[in-house]
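Report on the structure given below.
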Amino acid sequence: MPNPPVNQSVQSPVKLWRAAGMFQDTKENRIWRNAAARNSFSGPGGFMDTKRQNPQASYGSSDKLFKSNGKFAVRVPGIKHAHITHDLSVVYKVEGNNIYLYGFFTHDELGTGQPANIRKQDAMATRFSNTEFLEETKG
Amino acid sequence: MKITEIQKPSDRKLFEEFSQGNDSGFSAKDLVEIAKADMQDKWLTPVTYEQYIAEDEADYQAWLAEQEQNS
């Protein structure tokens, strides 16, 4: 059996696509300022290392699709998230050997991780709607 | 970004849409930004894992040096 080409034995076939602007901005602010997060994302045994072997492989139990009943998941089909630290996740999508990296986002900034605080979100949405109404009727 | 900073009507519509029963674990404003990035479909030149690691390390070291200079 012939040996595989050298580049196939060394390089991962995975291609990484990074959202222009957002990926770099969130990486600089949330990953580079946090050594544990950086190691968990791109260090040995981290998210990138796991996906390098197999883009479909899960990086821990938190690596999953956004809830299918959410409107966001309908807008962006196939989008996933995985915990990098307990309160920071990478948001991404996999298509074949292509990994689309959107950026790094925190949990619970608005208490969204807790069902009780969904009301807070709704209240903020209502407030937002009212603000829009007031702006439109001004003048 | 604060809610009052979401100016475009299309962004507001998305914000309201994602806020309704949001149990994703992420804030609606972040979901808006992610959805917008997906719709814009603008990506940096794709890289291999090895290229990413090399570039990230070089950029990170440069960033660290800059941080030290500024401190």
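Dipole magnitude for region A:11-107: computed about the Cα centre from +1 point charges on Lys and Arg Cβ and -1 point charges on Asp and Glu Cβ, it is near 180 debye. Placing unit charges on each Cβ (+1 for Lys and Arg, -1 for Asp and Glu) gives chain B a dipole about its Cα centre, and among B:Tyr49, B:Ser10, B:Phe26 the Cα reaching farthest toward its positive end belongs to B:Ser10. Set the Förster radius R0 to 35 Å, insert the Cβ-Cβ distance between A:Thr106 and A:Gln11 as r into 1/(1 + (r/R0)^6), and round the FRET efficiency to 0.05. FRET efficiency, A:Thr106 to A:Gln11: 0.60. Just subtract the alpha-carbon distance of B:Met39 and B:Ser71 from 0.36 nm times their residue separation and send over the number in nm, one decimal. Extra length from B:Met39 to B:Ser71 when fully extended: 7.7 nm.
Of all the options B:Asp11, B:Asp59, B:Asp23, the one that moves most in a Gaussian network model of chain B with Cα springs shorter than 10 angstrom is B:Asp59.
Working ranking of peptides B:46-57, A:93-104 by packing, defined as the average number of other Cβ atoms within 10 Å per residue, highest first, is A:93-104, B:46-57. The simple Förster model, with R0 at 30 Å and r as the Cβ-Cβ distance, assigns A:Asn39 and A:Glu95 a FRET efficiency of 0.65.
For region B:5-44, no residue has its backbone nitrogen under 11 Å from a point 7 Å from the Cα of A:Ser61, taken along Cα to Cβ. Peptide packing for B:29-39, A:57-67, A:20-30 was compared via the average number of neighbouring C-beta atoms within 10 Å per residue; ordered from the highest value, the list is B:29-39, A:20-30, A:57-67. Assuming a ≥ b ≥ c are the square roots of the Cα gyration tensor eigenvalues, decide whether region A:11-107 counts as rounded (a/c under 1.5), prolate (otherwise, with a/b larger than b/c) or oblate. Because its axes are fairly even, with a/c under 1.5, region A:11-107 counts as rounded. For the listed residue pairs A:Lys27/A:Lys71; A:Lys27/B:Lys13; A:Lys71/B:Lys13; A:Lys51/A:Lys80; A:Lys15/B:Lys36; A:Lys93/B:Lys8, the alpha carbons are over 20 angstrom apart in A:Lys27/A:Lys71; A:Lys27/B:Lys13; A:Lys15/B:Lys36; A:Lys93/B:Lys8.
Per residue, chain B reaches -21500 deg cm²/dmol at 222 nm when only DSSP H runs of four or more residues are counted, each adding -39500 (n - 2.57). Legend: mean number of C-beta atoms from other chains within 10 angstrom of residue C-beta atoms, peptide A:21-34, equals 3.
Taken together, the values in this text are just the output of simple stated rules run on the coordinates, not laboratory data. Since we're looking at a predicted model, the values are computed, not measured. Quick reminder, even Gly has a Cβ in these numbers, built from the backbone with ideal geometry, and neighbours come from all protein chains shown.
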